[in-house]
1. Out of everything in region 102-120 that is in contact with an Asp or Glu (Cβ under 7 Å, 6 or more places away or on another chain) and in a strand (DSSP E or B), what residue ends up being farthest from Val156 (Cα to Cα)?
2. Here is a list: Ser30, Ser3. Which entry is modelled with pLDDT under 90 and of a type in the set (Ser, Thr, Tyr)?
3. Identify all residues within region 123-145 that are loosely packed, with under 15 Cβ neighbours inside 10 Å and over 17 Å from Gln158 (Cα atoms); write none if there are none.
4. Are any residues in region 236-252 touching a residue at least 60 places away in the same chain (Cβ under 8 Å), in a helix (DSSP H, G or I) and within 13 Å of Arg96 (Cβ to Cβ), and if so, which ones?
5. Just for region 41-57: of the residues that are out of contact with any helix residue (DSSP H, G or I) (no Cβ under 6 Å at 6 or more places or on another chain) and not acidic (Asp, Glu), which one is farthest from Leu6 (Cα to Cα)?
6. Based on what the data block shows, is Thr262 among the hydroxyl-bearing types (Ser, Thr, Tyr) and surrounded by 15 or more Cβ atoms within 10 Å (Cβ to Cβ)?
7. Take residues that are surrounded by fewer than 22 Cβ atoms within 10 Å (Cβ to Cβ) and free of Cβ contacts under 8 Å to residues at least 24 places away in the same chain and tell me which of the strands (runs of 3 or more DSSP E) falling wholly in region 156-228 contain 3 or more.
8. Against the condition at pLDDT below 95 and in contact with a strand residue (DSSP E or B) (Cβ under 6 Å, 6 or more places away or on another chain), how does Ala207 come out, does it pass?
Amino acid sequence: MNSRYLTYALVAAGPELESLGRGTTFMELSATQMAALEVPVPTLDEQRAIANYLDRETARIDTLIDEQQRLIKTLRERRRAIVEEAVAIVDTSGTRLKHMIRSVRQGWSPQCCSWPADGIETWAVLKAGAANGGRFRPMENKELPEDEIPRPEIVVSQGDLLVSRANTRELVGSAAVVEEDFPRLMLCDKLYAFTLDENRAEPQFVAAVLGSRRWRDLIELAATGTSHSMLNISQSDIVNLPMQLPSVDEQRRLKGYLRSETAKIDKLVAETERLIELARERRSALIAAAVTGQIGLWETT
């Protein structure tokens, strides 16, 4: 059998192989299952023709995907530059963040279900990743079991500044703002919720500051832990971060500018990611069609 054709045949059989896989940490197949796998076996000439066709067509798709991934990288770099430029006005000396905070809450982490809930009709506990990347992700949660008593005092509300106290080096200290009330969505113990003094600080702007390079350096320097996969930062270290903000009016103006400019880039990134997804689907469908004979040999020459 032609080795290149066999490779494509196994790729086409991917969904079937995944359905047979067993395991929790990683999936595995037995030798018996692999031996029992049936793949189409055309003549050697047909195998070579199909492999040649797929080599050519998948290379074109892979080139398109690489180009789109480079575009996404460029867009994200542009997004970071816009944020850095907007927060350059903030000084890392003088006033500390604690002087702009009205209250702080921290959550809990009971044993929860493995699936998410809406946090509006059904009680749920946020995951630490709900603040990753500077954007609040309410569906990053786990439903609270019916036998657990909910704690309404730690639900998240509009305007809360969430900060991750435990995560990887790149994500510890991630900050995001809750943009609407979630009456049944509670904090986990790896998230702080800060209520800011609206006369001194605009939550969205503060989140942007915390996500910028200068403050990321301060956060990563303060984070502690023996494992590279999980670091912690204390509440004291967060609230004592230096942050000399401009006037609230200026913060709000910059918030509006950032929201407008980053939304444009985020839309382009989402559209490009969708294009990549479609290209990958096209690649898989093309391989399956060629291997199963849905594309005639006259099309492969």
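1. Applying the first criterion (in contact with an Asp or Glu (Cβ under 7 Å, 6 or more places away or on another chain)) to region 102-120 yields 102, 106-110, 112-113, 115-117.
Applying the additional criterion that residues be in a strand (DSSP E or B) yields 102, 106.
Details: Arg102: 15, Gln106: 10 Å.
Restricting to residues being in contact with an Asp or Glu (Cβ under 7 Å, 6 or more places away or on another chain) and in a strand (DSSP E or B), the top hit is Arg102.
2. On the way: Ser3 fails: modelled with pLDDT under 90.
Among Ser30, Ser3, only Ser30 is modelled with pLDDT under 90 and of a type in the set (Ser, Thr, Tyr).
3. Selection gives Gly133, Pro145.
4. Here is the first cut: in region 236-252, the residues touching a residue at least 60 places away in the same chain (Cβ under 8 Å) are 238-246, 250.
Keeping just the survivors that are in a helix (DSSP H, G or I) gives 238-239, 250.
Within region 236-252, Ile238, Val239 qualify.
5. Ranking the candidates gives Arg56 first.
6. Details: among the hydroxyl-bearing types (Ser, Thr, Tyr): yes; surrounded by 15 or more Cβ atoms within 10 Å (Cβ to Cβ): yes.
So Thr262 fits the description; yes.
7. Details: elements: 161-164, 175-177, 191-196, 224-227.
So the answer is 224-227.
8. On the way: at pLDDT below 95: no; in contact with a strand residue (DSSP E or B) (Cβ under 6 Å, 6 or more places away or on another chain): yes.
It is false that Ala207 is at pLDDT below 95 and in contact with a strand residue (DSSP E or B) (Cβ under 6 Å, 6 or more places away or on another chain).
The values are calculated or read from the model by the stated rules, or taken from the named source; none is laboratory data. These figures come from a predicted structure and were not determined experimentally. All Cβ positions, glycine included, derive from the backbone under ideal geometry; neighbour counts span all protein chains shown.
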